[in-house]
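I have placed the structure first, in the form of structure tokens, so that the comments after it can refer back to it.
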Amino acid sequence: CFQRFVSASKASQVIIDEQWLVLGPGNWQGKLEPSTVSIVAFDKQEVSLSGDWKWQLETTKVNALDDLLLSNCVNGDKIEIKCSKSIALWCEKPILNWWQQNG
């Protein structure tokens, strides 16, 4: 439901609770507390991860619910996510910082 909402409207993100955030398509920058982070892709799409990810990912095609995006780690510095369709971001620690769409 949230994924369809951010994909079909001008809304760019939906905060579900302190650990879940749905981001619409685009280039996103933000910070997370040092923790384990997973991304859930709802559709086949292109995703890249750069910045403070333990495992960075150059632009690659992923399938819906692809395990390639699960159980990554961040250390607290800026990270960037580029996604061609909406994604959900889960963090083991609260997502308190705002996220900015870049470009």
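The single condition among (1) in contact with a helix residue (DSSP H, G or I) (Cβ under 8 Å, 6 or more places away or on another chain); (2) crowded, with 18+ Cβ neighbours inside 10 Å that residue 42 does not meet is (2).
In the range 1-57, what residues are over 16 Å from residue 91 (Cβ atoms) and of a type in the set (Val, Ile, Thr)? If the condition is that a residue be over 16 Å from residue 91 (Cβ atoms) and of a type in the set (Val, Ile, Thr), then 6, 47 are the ones that fit.
Quick check on the range 89-101. Is at least one of its residues farther than 19 Å from residue 4 by Cα, in contact with a Pro (Cβ under 9 Å, 6 or more places away or on another chain) and not small (Gly, Ala, Ser)? The answer is yes, given that some residue of the range 89-101 is farther than 19 Å from residue 4 by Cα, in contact with a Pro (Cβ under 9 Å, 6 or more places away or on another chain) and not small (Gly, Ala, Ser). In the condition set (1) under 14 Å from residue 35 (Cβ atoms); (2) among the hydrophobic types (A, V, I, L, M, F, W, C); (3) at pLDDT 95 or above, residue 49 is compliant with all but (1).
The values are calculated or read from the model by the stated rules, or taken from the named source; none is laboratory data. What you see is a predicted model; the values in this text were computed from it and never measured. All Cβ positions, even for glycine, are placed from backbone atoms using ideal geometry, and neighbour counts span all protein chains on display.
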